[in-house]
Amino acid sequence: MSLKAVLFDFKSVIINHEQIHSQLIDEILIQENLQPQKLGEGQALYRRSDRTYLQELLSSRGRVVSQEYLNKLLHQKAQAYVQQLENIPELPLYPGVLNFINQVRSLSISPDDGQTVKLALISGAIRQEIELVLERALLSEYFSVIIADDDLSATQSQPDAYLLAVERLNQLYPDFHLQPAECLAIEGTPVGVAAAKQAHIQVLGVAHNYPFHMLQRRCNWTVDYLYDLELERVQEVFLQKDIKLTAPGC
């Protein structure tokens, strides 16, 4: 078995922008005449999609809204996010992410066929926000597939997002015959790790926002920063016949 695709989480792996998101969500709550986020609530931004998190905040403050109205608030937030990023001279990308993406792009699936590993991106953010960051970072062309909040129905979960990414990669590359076990998820939250594992995908945990030991218990590999990873070691594991999805971190 070979490593054929690497699936990146957006919020916890690519860009450190939760302070911006938290500010914009507070602005929405105040606009709706509701109390802004309490101390500690903002940490949930890492664990939930924007849609789920905003809906929970509204509900906890006694406000029940339709999906249509929620969409309106999310797109309003996305517009404000675009304006915020346009005023930032340099994107707050996580350390080592650009170099790591280039390393992944250079990986061959096997020495014989010459095909390279594919990249996809998974996120609970709005597609407009994701595409803006990728364009600013000159990364758009590298991600064959993007699964955003817009792509999932209200009843679909994070494991569904990973499986949808596999499905769309197979649609783009019909001869690829990609299976979840041939993918590596790059995740930074326990919830994201669990979602990838439920989709039968091996996981590299990056301790950007959670303690190393917390992720290490759940992931196949764990690093503090992406530049700490020896990608060749990961690829060697995929070349083995029997992959243990519960392998300890390294």
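The values are calculated or read from the model by the stated rules, or taken from the named source; none is laboratory data. In this text the structure is predicted, and so the values were computed from the model without any measurement. Note: ideal-geometry Cβ built from the backbone for every residue, glycine included; neighbour counts use all protein chains shown. Note: accessible area is taken over every heavy atom of the protein model, side chains too, but ligands, DNA and RNA are not part of it. Shrake-Rupley method; radii C 1.70, N 1.55, O 1.52, S 1.80 Å.
Being open to solvent by 50 Å² or more (accessible area, probe 1.4 Å) and part of a loop (DSSP other than H, G, I, E, B) is the filter; apply it to region 131-160 and report the residue that is nearest to S108 (Cα to Cα).
Looking at residues that are open to solvent by 50 Å² or more (accessible area, probe 1.4 Å) and part of a loop (DSSP other than H, G, I, E, B), I get L138.
Mind checking which pairs have a first residue in region 80-107 that is at pLDDT below 90 and a second that is open to solvent by less than 50 Å² (accessible area, probe 1.4 Å) and of a type in the set (D, E), Cβ under 8 Å, 6 or more apart or different chains?
Y81/E129; V82/E129
Do we have any residue at all in region 46-54 that's closer than 30 Å to E232 by Cβ, surrounded by 15 or more Cβ atoms within 10 Å (Cβ to Cβ) and at pLDDT below 85?
Within region 46-54 (the criterion being closer than 30 Å to E232 by Cβ, surrounded by 15 or more Cβ atoms within 10 Å (Cβ to Cβ) and at pLDDT below 85), the answer is yes, since at least one residue qualifies.
Pull out all pairs, ordered by first then second residue, where Cβ-Cβ is under 7 Å, the residues are six or more apart or on different chains, the first lies in region 183-197 and is in contact (Cβ under 8 Å) with a residue 12 or more places away in the chain, and the second is in a strand (DSSP E or B) and open to solvent by 10 Å² or more (accessible area, probe 1.4 Å).
I186/D9; E187/D9; G188/D9; G192/D9
Condition check ((1) among the β-branched types (V, I, T); (2) under 22 Å from E131 (Cα atoms); (3) open to solvent by 10 Å² or more (accessible area, probe 1.4 Å); (4) not in a loop (DSSP other than H, G, I, E, B)) across all residues:
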{"position": "Y162", "(1), (2), (3), (4)": "no, yes, no, yes"}
{"position": "E167", "(1), (2), (3), (4)": "no, yes, yes, yes"}
{"position": "N170", "(1), (2), (3), (4)": "no, yes, yes, yes"}
{"position": "D175", "(1), (2), (3), (4)": "no, no, yes, no"}
{"position": "V193", "(1), (2), (3), (4)": "yes, no, no, yes"}
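If V13 meets every condition in (1) outside any helix (DSSP H, G or I); (2) touching a residue at least 60 places away in the same chain (Cβ under 8 Å); (3) open to solvent by 40 Å² or more (accessible area, probe 1.4 Å) apart from one, which number is that one?
(3)
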